[in-house]
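Bear in mind these aren't lab numbers, they're just calculated from the coordinates by the rules spelled out. The structure presented is a predicted model; accordingly, all values stated were derived computationally and were not measured. All Cβ positions, even for glycine, are placed from backbone atoms using ideal geometry, and neighbour counts span all protein chains on display.
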Amino acid sequence: MSTKTLRKRIALVAVATLGAGLISVAPANAVASGSAGDDNMVATSNILSIATKASTTGSAVVGSTAAYDAYRSVGLLYKDTSTGTAQTATMLASGALVVYFLASTATVVASGGKFSSLDSTTDTANTVSPDQKSFNVTEATAATSAAVWTPGAAGTYTIALYSGAGSTIASPTTGSLVGLVQVTVAAASVSGVYSAADSACIVQTSYAAVTTSSTEAAGANYRANTETANITFDLRDAYGVKLAAGATVATATNGAYVNIVSSGASKGTGSTAVSAAIPEDLSVVVSQPTANAPLSTTVTITYNGTPVCTKSVIITGEVASMKVSSLKAGATSSNADAFKLRTYDKAGNLVLPTAARFGDVDATLSTIVTAASISTAATMLTGDTVDSYSTGTFTCSGTAGTTSVKLAYQNPSGSLAVSDGIPARCAGNAWSYTASFDKASYVQGEIATLTVQFKDNLGNNANSYGSTGDTGTVTAPMLTMVGSLADAAKPDANGQIKIKFTVGISTGLTGGSYNALIDYSTLTGAETATIQTVAYKVSTGETGVSNADVLKSIVSLIASINKQIQALQKLILKR
């Protein structure tokens, strides 16, 4: 069972009694019929129970004339649904709990606080210890016994029930431990006060109950045209107790419509919505104020004037523009996946289109391209993934060439969006090729790009669909290929395959002039193409002086000195 279901079952409804500041809670483990709050748990043999009904007088209720269902606690905030030795409860320091059980011989021991108002339906030998931390019940037959326990101060306490003939005030723990409740006693200052750590507020694509462990789905705040977003919240205090009914207000920027609901997605009619309901699993429905227009809004939720949640929501408008990418050159026959296309609204938000609403613009068709269409529409509003693009195709006739084709999109409103011209090119399969490097010389560590240009049998740049025959082989001394030729097996829209290399090899680099050999053997074997040779130079990039240069300089220096000596000798002899 989920935490949310447990919370609903214990139905911790806060009821502020004038002047008393009391908290009323429904039975955590009620078994009798009736609505939440109608029943305490049935007094059961050797089961330690706590009265989950709240007093409306400010005092705990227990007495010889009171049956188990008439017991009342004060300040109980929470009681779990268990009945054994791992029970938990939360209460205010100013409160009082009524504990009760059905037994003939038993002792109840608390780690602190005091017991009082001990009572039984038979009133026999029942005794409270001098320190009031325990009490003993000895009955002729099993009877319902109860007492009031007050903590006196905030903290964590245990209340234990021991049953059996050996259980006495003098030695209370000699009986059998059959019930144990850990009670967290809280200061009143944070009870009923909003706690962000114990509350939940997330954007959803549709309403669902939430807990503090609920998470937002990726893209939940990015909604398609005409859709709504739900901001669902559950407000609690530091003890996990739902807040009392108050003024919950939602306000939205940019004119967005909001409505506060307890389920569903009923749209509002204004930018402010108010609810007086208990703020448990309420939801703000966000919608467009103007049909088909893009909306970007920030919604702020307050509870009794305290901001508790702020969320941003985008709802796209209808299609207003398109952008083409990953264009391929078509073969002079039918094509598939010729380009990618994204559709946008007036605000530049990505819009999900419907494939059937696309059509080619007749006036842009020609004897080169006879049709264009969208085969698969995008299904994702966010992220740069395959699903966020629509896939388009155009049909080439038997004539090669380039033409500008346009697509149109008809929105449900009837408005049309027309793309810019798509440069559609049709050509034959690869027949021959040439190759070239992007530079004539390289320094070790640089990136070299080899471009292989494929042509069809008419000299047009080849299409992107026809095979080059094989992945080819490239021999390039002192260069290391990045990836493999299989990564670029077919030409791009310009009929090219680009191959990248890093300059240098694992054993180092020897500077000099080299030639790369590029062989697509299927084409060269058919003698429609020839193996290409591309010259290039590489160097280490070092600028230091070589040993030969140093020796040459020394020889030159010695010769110069000798000349100076000879000139000096001649000068001396003349004198």
Fill in the blank from the handout: Given the candidates S262, L102, I301, the one whose Cα lies deepest towards the positive end of the charge dipole of the chain, counting +1 at each Lys or Arg C-beta and -1 at each Asp or Glu C-beta, is I301
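As a footprinting exposure proxy, order C426, C309 by other Cβ within 10 Å, with the fewest listed first.
Working: C426 25, C309 21.
Ranking C426, C309 by Cβ neighbours within 10 Å, fewest first, gives C309, C426.
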Problem - Only Lys, Arg (+1) and Asp, Glu (-1) charged, at Cβ; the chain dipole about Cα centre in debye - result: 2020
Handout entry: Alpha carbon convex hull of segment 291-417, projected area averaged over orientations, nm²
Key = 9.3
Practice task
Give the order of V185, V550 when sorted by the count of other beta carbons within 10 angstrom, beginning with the fewest.
Solution key: V550, V185
Practice task
Calculate for the chain the 222 nm mean residue ellipticity that helices alone would give, adding -39,500 (n - 2.57) per DSSP H run of length 4 or more and normalising by residue count, nearest 500 deg cm²/dmol.
Solution key: -2500 deg cm²/dmol
Handout entry: Span from the segment 318-372 Cα centroid across to the segment 187-249 one, whole angstrom
Key = 42
Exercise for the section: Give me the number: length gained by fully extending D549 to M481, i.e. 0.36 nm times residue separation minus the C-alpha to C-alpha distance, one decimal in nm. Expected result: 21.0 nm
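Calculated FRET efficiency, A559 and S506, Cβ-Cβ r, R0 30 Å, to nearest 0.05?
Working: r = 45 Å, r/R0 = 1.50.
Calculated value: 0.10.
Rounded to whole Å and ordered largest first, report the semi-axes of the equivalent ellipsoid of segment 357-398 derived from its Cα gyration tensor (root of 5λ). Before the final figure, lay out the partial values.
Working: eigenvalues 139, 21, 9 Å².
Semi-axes from the Cα gyration tensor: 26, 10, 7 Å.
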Problem - Approximate spin-label separation S266-S375, in nm, with each point projected 7 Å along Cα-to-Cβ - result: 4.7
Exercise for the section: At a temperature of 10 °C and a viscosity of 1.306 mPa s, determine how fast segment 196-315 diffuses translationally according to Stokes-Einstein, using the Kirkwood radius over alpha-carbon pairs as Rh; express D in µm²/s, rounded to the nearest whole number. Expected result: 113
Practice task
Report the label-to-label distance for T306 and T212 in nanometres (one decimal), using points 7 Å from each Cα along the Cα→Cβ vector.
Solution key: 1.5
Fill in the blank from the handout: Which of (1) 15, 30, 17, 11, 10, 10, 6, 1; (2) 16, 24, 20, 18, 15, 4, 1, 0; (3) 19, 52, 27, 2 is the computed P(r) over Cα pairs in 20 Å bins from 0, in percent? It is (2)
